[in-house]
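All remarks here apply to the structure that follows.
The values are calculated or read from the model by the stated rules, or taken from the named source; none is laboratory data. Nothing here was measured: the structure is a model prediction, and the numbers come from that model. Methodologically, a virtual Cβ is constructed for each residue, glycine included, from the backbone with ideal geometry; neighbour enumeration extends over all protein chains shown. Accessible surface is based on the protein model in full, side chains and every heavy atom, while ligands, DNA and RNA are left aside. Shrake-Rupley method; radii C 1.70, N 1.55, O 1.52, S 1.80 Å.
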Amino acid sequence: VLNGHEHSYQRSVPIRQGEQAHEHVGTVYITTGGGGASLYDVYPNPLLAGSGKFHHYMRLDVDGVRIRTTAVGRDGAELDRAEVVRLPAISPAGMANAVAGVNGVCPGGLVSVFGKHLGARASSAAAEVLPVELAGTRLLVNGEAAPLLFVSPAQVNAQLPFGLSGRVQLRLETEIGAAEFEASLAEAAPGILAVVRPDGSLVTEDAPARAGEQLVVLAAGLGPVEGAVRAGQPLAAGQKVALYSALMVDLSGESLTPSYAGLAP
């Protein structure tokens, strides 16, 4: 909080409910009134971290979740410097399935973590192999780094590692600090992303499927797969990794047996 009026410089310790608080929780108040008129005396106060009776101006440098404040004298000398940062905070909703309309999360599935100060800026994965760090942010699941698709101050999208079960411990780490939370995993939480033809063209209302046509359903959260697989890495050309459990497809009440159900190449 920046104040004027008082002809002096005064910077408080972090304050919450009238008392000194943790540096990442309390509010820092800066009185910057030494702009040229006659100066006022500054009296001792246990809530002051820096102060002085001098002419000055303020410089604020904003970098993501970090703000650096500098009081500069009329001769250009730095008279006081401080830094205010915000730790990541997970919202009460915690983690949700990243596929719209799907409840629950599962191993290998796509998830979204919501909160504040989760990343310094918006950044998306650009390589075929998903990175485990984006914009200085990492998501650890039982200590294993999860591949990331997207990071922003309010949301992180990731793929959960395979081979997990039950209740898991998650830790979101940024360059500033970390936040931890827990989540319960289902065995599967299927959600359809798109339906395409073998040539990759989308099935839509304007380009509907035809009777007898072969289709590919692209989905997420279908559960465990056979063999050891690392999340975030594409399959090699021609490689197939099938689901551990059988998958049934219902089309308007008619059961269909897929010719293949597993990871997409």
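Table for the structure above
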| quantity | calculated |
| --- | --- |
| Residue that is under 30 Å from His55 (Cα atoms) and part of a strand (DSSP E or B), where the choices are Ala82, Ala158 | Ala82 |
| Flag for Val102 being over 10 Å from the mean Cα position of the chain (by Cα), open to solvent by less than 40 Å² (accessible area, probe 1.4 Å), within 13 Å of Leu170 (Cβ to Cβ) and not polar (S, T, N, Q) | no |
| Strands (runs of 3 or more DSSP E) enclosed by region 170-265 - at least 3 residues per element that are open to solvent by 60 Å² or more (accessible area, probe 1.4 Å) | 178-184, 254-256 |
| Filtered residues of region 1-19 (kept if closer than 18 Å to Thr69 by Cα and part of a strand (DSSP E or B)) | Leu2, Asn3, Tyr9, Gln10, Arg11, Ser12, Ile15 |
| Filter result (in contact (Cβ under 8 Å) with a residue 24 or more places away in the chain and either over 16 Å from Pro107 (Cβ atoms) or open to solvent by 60 Å² or more (accessible area, probe 1.4 Å) (or both)) within region 118-130 | Leu118, Gly119, Ala120, Arg121, Ala122, Ser123, Ser124, Ala125, Glu128, Val129 |
| Selected residue (criterion: farthest from Leu130 (Cα to Cα)) from residues of region 226-242 that are aliphatic (A, V, I, L, M) and modelled with pLDDT of 90 or more | Ala242 |
| Evaluation of Gln159 against (1) of a type in the set (S, T, N, Q); (2) modelled with pLDDT of 95 or more; (3) surrounded by fewer than 20 Cβ atoms within 10 Å (Cβ to Cβ) (one fails), failing number | (3) |
| Hits in region 131-149 - residues which are surrounded by fewer than 19 Cβ atoms within 10 Å (Cβ to Cβ) and of a type in the set (D, E, K, R) | Glu133, Glu144 |
| Residues being β-branched (Val, Ile, Thr) and part of a strand (DSSP E or B) - total across region 20-36 | 4 |
| Residue match in region 171-187 (condition: over 20 Å from Pro131 (Cβ atoms) and more than 20 Å from the chain's Cα centre (by Cα)) | yes |
| Any hit, region 37-48, residues being touching a residue at least 60 places away in the same chain (Cβ under 8 Å) and not in a loop (DSSP other than H, G, I, E, B) | no |
| Those residues of region 1-22 which are under 29 Å from the mean Cα position of the chain (by Cα), farther than 17 Å from Asp80 by Cα and surrounded by 11 or more Cβ atoms within 10 Å (Cβ to Cβ), in sequence order | Ile15, Arg16, Ala21 |
| Odd one out for Val111, checked against (1) more than 24 Å from Asp63 (Cα to Cα); (2) surrounded by fewer than 17 Cβ atoms within 10 Å (Cβ to Cβ) | (2) |
